[in-house]
Amino acid sequence: MLSSTHTIPQKNIAIMGATGSIGDSTLSVVSQHPDLYNVVGVTGFSRLDKLLSICQQFKPTYVCVAKEKEATFAQMLSEAHLNCKILIGEQGLVELATLAEVDMVVAAIVGAAGLPSTLAAANAGKTILLANKEALVMAGELMIKAVKQSNAKLLPIDSEHNAIFQCLPTAVQQQRNAIHDDNHGIKKLWLTASGGPFLHKTLDDMKRASVAEAVKHPNWSMGQKISVDSATMMNKGLELIEASFLFDMPVSEIEVVIHPQSIVHSMVEYNDGSFLAQLGSPDMRTPIAHAMAYPDRISSGVERLDIFKLSGLNFVRPDLEKFKCLGLAYQAMQQGSYACIALNASNEIAVQAFLNGDIRLTDIADINEKVLLQAEKQPIGSLQAILAVDKLSREQAHQCIADLNA
Ligand code: NAD
Ligand code: MG
């Protein structure tokens, strides 16, 4: 393991979505290894006080904010006697992710808003620590092509994908994550899911669920959107698509299994009967630290897993009637890239409507299903075309919400 005295070159890191939950975990790991990582740039969308305190602590050269927040934030920086260079809006995110001095980009913006900067980092040959699964769901083929062409590195920090990555042979890890034709004896990927807060509740309970109940994840502390996605299991659906692109595996060879304890973070099954699994406390700093130091290892500050205290590890099949969103993800992958973009867009709109109190939790799956039905079959290849399908699908989801409330 590397210690802070280890002599490896310091890496310059840009943290996209630094004010969020993954941002917090990343900054926690960085703060434990100031000699290994230098925060060159951070971005934040709405919580300016938090963004300012990050700037005070980590002194980045660049900070990116939304256009409407630029003047206020410039004033805040000046009052705090900080002279970070301000980058603005979506263009600013792309500029930061592609700066020559940036080695590593942590893609931790939530939703489709993260796609342009994540794709730009891939095209620029950066090492990308990927949390923003929506980027791969929307643009999997484009992202993987960009990574290969530019020699970028795509290291998953989504805990399940990071676990699978850790359980793959080194040869596969280093072939830019793709499992090639001889597939190295790999039979199947197993994605574990906690089952979220409604695992032991009925569909009727889910219909009546409040926002507070839906975002109260039993094992993980996360941002609001992914917490709702975990409650509907759309998160696992998005992760299924993410895994398929990351590891070049058809979804028919990826199985979702509910493991309520969230200790086994995912598994790889081999032809000889072996299952390799990665275990750990449910704390995102483990996968983040793994990817930050890969192929070395650094400390993460995570509480050590006390295996003597584990009462048991259970594995059960997901109920696809209760968690309809998971089935929709399999369906979208069979339909093609248009459907994946449509499903992701619809889900973002529906989740926001639920958080706003406009629809019930269970309406999310119904809206997603309706938008998916309208998805066309043709493959979508360019960023521009992806964004156009995303926009249209959002409009369709808004229409479904309006119909529900009519
Ligand atoms: P969060 O809501 O806590 O943080 C989101 C970040 O994105 C914030 O910094 C916010 O300012 C920024 N942001 C939001 N909208 C934006 C916009 N329109 N433009 C620019 N920036 C914007 O979310 P999170 O839980 O940290 O999740 C971030 C990503 O990581 C998501 O894609 C999520 O699926 C993935 N992920 C999160 C976890 C987790 O434990 N939180 C685990 C695995 C994967
Ligand atoms: Mg995950």
Requested in this report: Go through ALA365, ALA353, ALA397 for me and flag whichever is surrounded by 18 or more Cβ atoms within 10 Å (Cβ to Cβ), farther than 27 Å from LYS145 by Cβ and touching a Lys or Arg at 6+ places or on another chain (Cβ under 7 Å).
Outcome: ALA365
Report task. Might you check whether a residue that is of a type outside the set (Ser, Thr, Tyr), out of contact with any helix residue (DSSP H, G or I) (no Cβ under 7 Å at 6 or more places or on another chain) and at pLDDT 95 or above occurs anywhere in the range 110-123? Result -> yes
Report task. Collect the residues in the range 212-239 that are surrounded by fewer than 20 Cβ atoms within 10 Å (Cβ to Cβ) and touching a Phe, Trp or Tyr at 6+ places or on another chain (Cβ under 9 Å), keeping them in residue-number order. Result -> GLU213
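For the range 8-18, enumerate the residues that are more than 16 Å from ligand 2 (Cβ to nearest atom), surrounded by 24 or more Cβ atoms within 10 Å (Cβ to Cβ) and closer than 18 Å to ARG285 by Cβ. Steps first, answer last, please.
Kept after step one, since they are more than 16 Å from ligand 2 (Cβ to nearest atom), are these residues of the range 8-18: 8-16, 18.
Of the ones still in play, those that are also surrounded by 24 or more Cβ atoms within 10 Å (Cβ to Cβ) are 13-16, 18.
Selection gives ILE13, ILE15, MET16, ALA18.
Residue-by-condition table, conditions (1) away from ligand 1 (no atom under 14 Å from the Cβ); (2) basic (Lys, Arg):
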| position | (1), (2) |
| --- | --- |
| LYS133 | no, yes |
| VAL137 | no, no |
| MET143 | no, no |
| LYS148 | yes, yes |
| ASP158 | no, no |
| ALA163 | no, no |
| LEU168 | yes, no |
Requested in this report: Identify all residues within the range 241-250 that are more than 13 Å from ligand 1 (Cβ to nearest atom) and either among the β-branched types (Val, Ile, Thr) or not in a helix (DSSP H, G or I) (or both); write none if there are none.
Outcome: ASP248, MET249, PRO250
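Among the listed residues ALA135, ALA209, which satisfies the condition of being crowded, with 24+ Cβ neighbours inside 10 Å, away from ligand 2 (no atom under 12 Å from the Cβ) and small (Gly, Ala, Ser)?
None of the others qualify; the one that does is ALA135.
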Query raised in the report: So which residues in the range 1-17 are in a loop (DSSP other than H, G, I, E, B), touching a Leu at 6+ places or on another chain (Cβ under 8 Å) and at pLDDT 70 or above?
Result: GLN10
Report task. Using the structure shown, decide if HIS217 is within 16 Å of ligand 1 (Cβ to nearest atom) and modelled with pLDDT of 95 or more. Result -> no
Query raised in the report: Of everything in the range 265-299 that's over 30 Å from THR232 (Cα atoms) and under 20 Å from the mean Cα position of the chain (by Cα), which residue is surrounded by the fewest Cβ atoms within 10 Å (Cβ to Cβ)?
Result: TYR294
Requested in this report: Look at the range 240-261 and say how many of its residues are surrounded by 22 or more Cβ atoms within 10 Å (Cβ to Cβ), away from ligand 2 (no atom under 14 Å from the Cβ) and of a type in the set (Asp, Glu).
Outcome: 0
Query - PRO169 being within 15 Å of ligand 2 (Cβ to nearest atom) and either of a type outside the set (A, V, I, L, M, F, W, C) or within 16 Å of the chain's Cα centre (by Cα) (or both) - result: no
Query - strands (runs of 3 or more DSSP E) enclosed by the range 41-112 - at least 1 residues per element that are within 16 Å of ligand 2 (Cβ to nearest atom) and either under 20 Å from the mean Cα position of the chain (by Cα) or of a type in the set (Asp, Glu) (or both) - result: 104-107
Query raised in the report: Which ones in the range 225-239 are in contact (Cβ under 8 Å) with a residue 40 or more places away in the chain and more than 11 Å from ligand 2 (Cβ to nearest atom)?
Result: LYS225, VAL228, ALA231, THR232, MET233, MET234, GLY237
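The values are calculated or read from the model by the stated rules, or taken from the named source; none is laboratory data. None of these values were measured; they are calculated from a predicted model. Cβ coordinates were reconstructed from backbone atoms using ideal geometry, including for glycine residues, and neighbour counts include every protein chain displayed.
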